[in-house]
Amino acid sequence: MARRRAKWSEGSVFSVPQSDGLCSVGQVLKLTPGALNSVICAFYDIRVKPGAAVSADDLSADKLVSMQFTTPDLLNSGIWALAGQFAPKHLERMTWLPALEKADFVGAVVIGSGNIGEFLDAFYGLRAWDDYADPAYFGKLLLTQNKKPSRLILTKIVKG
């Protein structure tokens, strides 16, 4: 049976399925059609069972691990399932956003939603943190380097 197109908007909270059967939590912060029809999403260090409710209080700044322009395909398909609707939170943390908007998003980097799912799996130690061609790729998706978890699976020796 095909999934129905999900109706999401700015402020939609959603769950990202992970390889162990639990889900991570994200929120749509801003629609950015000028950046390759992407959306800006925040991703949190929150894990829930599929279908679990998420409150606005759960989306605290201290649990924020990444904010990215991402493709909306997994939101559209309903694979990233809607879990709530609250005013977008923490967009002010993207201090570089006004400059990108002024430049009509020239220089914006859009991360595929599938890569975000793999990043979240790696964040929780469900897959290797360093198995992309650039072993530092997932680290570059963190909001700040102090968000790098201690539970990482590393497969390569990184010098420097």
Among 106-115, 46-55, 63-72, the order from most to least packed when residues are scored by Cβ within 10 Å on average: 63-72, 106-115, 46-55
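Take peptides 145-152, 75-82 and line them up by average Cβ neighbours within 10 Å, highest first, as a rough protection proxy. Spell out each step's value before the answer.
Values: 145-152: 10.8, 75-82: 18.6.
Taking the mean over residues of other Cβ atoms within 10 Å, the ranking is 75-82, 145-152.
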Judged on accessible area alone, 1.4 Å probe, highest first, Tyr132, Tyr44 line up as Tyr132, Tyr44
A chain fully extended from Ala99 to Ser55 at 0.36 nm per residue, minus the present Cα-Cα distance, gains in nm 12.7 nm
Taking the Cα-to-Cβ direction at Leu22 and at His90 and moving 7 Å from each Cα, how far apart do the two end points lie in nm? 1.7
Using 1/(1 + (r/R0)^6) with R0 = 25 angstrom and r between the beta carbons of Leu36 and Leu154, what's the FRET efficiency to the nearest 0.05? 0.20
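Please go through the residue pairs Lys49/Lys140; Lys7/Lys89; Lys63/Lys156; Lys7/Lys102 and name each one whose alpha carbons sit more than 23 Å apart in this structure.
On the way: Lys49/Lys140 27 Å; Lys7/Lys89 19 Å; Lys63/Lys156 28 Å; Lys7/Lys102 29 Å.
Pairs exceeding the cut-off: Lys49/Lys140; Lys63/Lys156; Lys7/Lys102.
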For segment 102-160, which whole percent of the accessible surface, found with a 1.4 angstrom probe, sits on carbon and sulfur atoms? 55
Excluding ligands, DNA and RNA, what is the solvent-accessible area per residue of segment 98-160 at a probe of 1.4 Å, expressed in Å²? 58
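The values are calculated or read from the model by the stated rules, or taken from the named source; none is laboratory data. Just so you know, these numbers come straight off a predicted model, no measurement behind them. Counting neighbours? That spans all protein chains shown, and the Cβs are built from the backbone with ideal geometry, glycine included. The accessibility values were calculated without ligands, DNA or RNA, using every heavy atom of the protein model including side chains. Shrake-Rupley method; radii C 1.70, N 1.55, O 1.52, S 1.80 Å.
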